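The values are calculated or read from the model by the stated rules, or taken from the named source; none is laboratory data. The model shown is predicted, which means the values in this text are computed figures rather than measured ones. Cβ sites come from the backbone with ideal geometry, for glycine too, and all protein chains shown count toward neighbours.
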Amino acid sequence: MSDPIRTRQDGGVLEVVIDRPKANAIDLSTSRALGLIFRDFRDDPALRVAIVSGAGEKFFCAGWDLKAAASGDAVEGDYGVGGFGGLQELRDLNKPVICAVNGICCGGGLEIALSADLIIAAEHATFALPEIRSGTVADAASIKLPKRIPYHIAMDMLLTGRWLDVHEAHRWGFVNEVLPADRLMERAWELARLLESGPPLVYAAIKEIVREAEGSTFQTAMNKVTKRQFATVDKLYSSEDQLEGARAFAEKRSPIWKGK
């Protein structure tokens, strides 16, 4: 059997492709493998941006592998270091992740996409949370989706399991761009190169602030920023990169980011 996950590294960009025909569904072992890949991405200073996509043209990811579940994979089993799909519970992931949705994106597949920072999608992509029809709950989506799109639209998806085409998903704001299928990965790499060229310490601070502020009041989060109580903010404000940014602006040149 071929490896269910394919990776490719080019410079500071890591591409991760879920490749489990026919639907790129995820069983326990695949989830654990994804967790290790994304953990290593998080911890490798040479890697700055990740792209996650699915193999083929029909499915991005159908989510939890129900056939594996029927064969004994427990829904409450060990998904690995990052939780289901390796991303949604991975602690301290302070690097940008781009999700390129190349087809059907449903259930746990949509939860993986929601764990990314940017979502771009092919024109034929569709989205749904059909767990209601199989008597289970889309747990991560129930937490995240009402914070990302209007509450009543999120509840419509969760309570009915209805499908959204890519244009409706874009209209509600959880897809950044809609692209022809043959342009999807090209655009993902364009975005990745743009982010790769940016300031990694600033990205890390942005991601930690956004993540931690989700459960805080505005003033509490602001106080933690100004008092340098976020580790990433403290590192940024003491870094060579911050001085480099100021120098480059004064000298009217492009900054050279070192990540330190």
For E186, are the conditions met, namely being modelled with pLDDT of 95 or more, over 17 Å from the mean Cα position of the chain (by Cα) and surrounded by fewer than 15 Cβ atoms within 10 Å (Cβ to Cβ)?
yes
First in segment 169-190 and farther than 14 Å from P150 by Cα, second anywhere and assigned to a loop (DSSP other than H, G, I, E, B) and at pLDDT below 95, Cβ under 9 Å, 6 or more apart
A181/E57
Filter segment 236-247 down to the residues that are surrounded by 15 or more Cβ atoms within 10 Å (Cβ to Cβ) and either more than 12 Å from P199 (Cβ to Cβ) or without any contact (Cβ under 8 Å) to a residue 24 or more places away in the chain (or both) and list them by number.
E244
Restricting segment 194-217 to residues that are closer than 15 Å to R42 by Cβ and charged (D, E, K, R), the residue that is surrounded by the fewest Cβ atoms within 10 Å (Cβ to Cβ)
R211
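Does K67 fit the bill of being in a helix (DSSP H, G or I), among the charged types (D, E, K, R) and at pLDDT below 95? Working first, answer last.
On the way: in a helix (DSSP H, G or I): yes; among the charged types (D, E, K, R): yes; at pLDDT below 95: yes.
Yes: the conditions hold for K67.
Just give me the residues in segment 107-133 being assigned to a loop (DSSP other than H, G, I, E, B) and either buried (at least 18 other Cβ atoms within 10 Å of the Cβ) or under 11 Å from the mean Cα position of the chain (by Cα) (or both), in sequence order.
G107, S115, A116, D117, A125, L129 - these are the residues of segment 107-133 that are assigned to a loop (DSSP other than H, G, I, E, B) and either buried (at least 18 other Cβ atoms within 10 Å of the Cβ) or under 11 Å from the mean Cα position of the chain (by Cα) (or both).
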